[in-house]
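Input: a single structure, listed below in structure tokens.
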2 protein chains.
Amino acid sequence: MPVAPLFRPIDVAPAYQKVADAIEREIVNGRIKPGDPIGTEHDLVRQFGVNRSTIREGIRVLEEGGLIRRDSSRRLHACLPRYSKLASRLSRALVLHEVTFRELYEASMTLEVASIEGAVERASEENVAELADNLARSEAVVGNPAMLAECDAEFHVLVAKASQNRVLQLAREPAAQLFYPTTEMIVTGVAEGGPRLVAAHRHLIDAIRRRDREAGVLWTRRHLQDWRRGFEKIASLDRSVEHMYMEHAQAARRR
Amino acid sequence: MPVAPLFRPIDVAPAYQKVADAIEREIVNGRIKPGDPIGTEHDLVRQFGVNRSTIREGIRVLEEGGLIRRDSSRRLHACLPRYSKLASRLSRALVLHEVTFRELYEASMTLEVASIEGAVERASEENVAELADNLARSEAVVGNPAMLAECDAEFHVLVAKASQNRVLQLAREPAAQLFYPTTEMIVTGVAEGGPRLVAAHRHLIDAIRRRDREAGVLWTRRHLQDWRRGFEKIASLDRSVEHMYMEHAQAARRR
DNA sequence: ACTCTAACTTTGTCGGACAAAGGGACAGAA
DNA sequence: TTCTGTCCCTTTGTCCGACAAAGTTAGAGT
């Protein structure tokens, strides 16, 4: 016979966790707004009535979660979590779960197509200008695989931004971060890779300008299929993402 | 005139960060495998030659990132970051960025359709069984909005799982976590909401069983449109996601 | 072989300490 | 006035040592 639920489970979280939770609550429910100062560690010691070491452990948790940062003078502020930083956590997780390039490819096909559709529909003048600027820089470094791969990654971030849909922007980022290093390898290994990549970007900008959804989708598909063909010259799609790719995601996180 | 780049910026990361980075590197590059013990704090003090407080701050960073956990006896282990925990970080970020329900809806339309397509193509017997089990439980609680909403959230997690694409699984989760609380409100407010929801699930399972892609996509669209219609009876799609929704995501994180 | 207890280890927290770096005020130089 | 160097105070990052509570291990006794 089950016992009558006389007692609720009591909260036995360690103190540093409670400190972190308390500050998190205030930020998430909006009482502390992004940019607001949190106060010094000593202030927090007084407010929470715990030791500074405990406060500091709590602060580390929030810092890692992207909810607070230290400014140039190391003072604490609430802040809006940055997508690229959060996404690199996810990229890391995907690597550890040993996802395959096939999964990456399939998901990206969906996400990038959705991005371009949004961009075609809603891109602003400024979005297009950013994309055009990126294209110009890409054309200038078409012979440099590393820099071209970086431009490519930025290009797709800008397309997602142009979609004006931040959920999509965030959803595509983890997979995109894992693509980036392979793009470099492919452009290095496949002679016509660089020019084809830049040409695809040019068509994509054109499609956005003309609000031509069909063309946007078509060229996004081609662009990704190009990646796939290039990749399959190097390795199998069923290979899992290698640990070494994390270096790039780590670099992105610190930025 | 720009100065010749004689010096590189020097690395002045604090000690606790270096500790965290060093351990993270070993985990991510695979030298420490998930499940492996990390050693006691005292061990780490000896190995890194820094104070225990410093070690502990580094550990908090890794713990929050999901790379290590403490087992029942509080000993440290490397572990695979859990999707739902990471996703709740993203949900939190989306709330803070004040994304609109329109963004959520549009992105989910893409992501859930992609999930069902994958599920129709690749769902295993076991996946279908899990879905059927979920459906049975849903039917049993069709009069209870809170429990039905929970079942609905689980259903879509299971569909994504059935797609066998972990990238997709991860990408859809942050948006899905924000959907969940509204589902409850809608089912509460709209009389025929519950039965329609369950009926849609039944059709989806059926589509997966028959490997009928068209039907799967169709019913996913209808299911989401139902949500939208229900939501618009309550509020505008252009409203931003409210802070209160975070409670659910926070609960998910702790699990 | 099993249980119970005592000793040991580990974690979470505390208090205090100090060097390095930043910010602010202030005086003197250009 | 504007700039610069100096002094002082605050804050952070790190260290040391300590202790209670909870978990682990080993040994005693059955």
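Taking the listed residues A:ARG92, A:ARG122, A:ARG137, A:ARG102, the one that is of a type in the set (D, E, K, R) and surrounded by 24 or more Cβ atoms within 10 Å (Cβ to Cβ) is A:ARG92, with no other qualifying. Screening B:VAL113 against (1) surrounded by fewer than 24 Cβ atoms within 10 Å (Cβ to Cβ); (2) within 25 Å of B:LEU237 (Cα to Cα); (3) touching a residue at least 12 places away in the same chain (Cβ under 8 Å); (4) away from chain A (no Cβ under 14 Å) leaves a single unmet condition, (4).
Checking each residue in the range A:50-104 for being part of a helix (DSSP H, G or I), over 17 Å from B:GLN17 (Cβ atoms) and within 15 Å of DNA strand D (Cβ to nearest atom) picks out A:ARG52, A:THR54, A:ILE55. State yes or no: is B:ILE38 within 30 Å of B:TRP227 (Cα to Cα) and among the β-branched types (Val, Ile, Thr)? In short, no. Scanning the range A:78-107 for residues that are more than 8 Å from chain B (Cβ to nearest Cβ) and hydroxyl-bearing (Ser, Thr, Tyr) yields A:SER84, A:SER88, A:SER91, A:THR100, A:TYR105.
Applying the criterion of being free of Cβ contacts under 8 Å to residues at least 24 places away in the same chain and farther than 17 Å from B:GLU24 by Cβ to the residues of the range B:50-82, the residue that is nearest to DNA strand C (Cβ to nearest atom) is B:ARG74. Screening the candidates A:GLN47, A:GLN17 for the property of being outside any loop (DSSP other than H, G, I, E, B), within 16 Å of DNA strand C (Cβ to nearest atom) and touching a residue at least 12 places away in the same chain (Cβ under 8 Å) yields one hit, A:GLN17. Within the range B:113-152, the set of residues being hydroxyl-bearing (Ser, Thr, Tyr) and in a helix (DSSP H, G or I) comprises B:SER115, B:SER138.
Checking A:ARG202, A:ARG196, A:ARG172, A:ARG209 one by one, the residue that is closer than 30 Å to B:GLN177 by Cβ and in contact (Cβ under 8 Å) with a residue 24 or more places away in the chain is A:ARG172 and no other.
Read-outs throughout are calculated quantities, based only on the coordinates presented, and are distinct from any laboratory measurement. For clarity, every value in this text was computed on a predicted model and none was experimentally measured. Note that each Cβ is placed from the backbone with ideal geometry, even for glycine, and that neighbours are counted across all protein chains shown.
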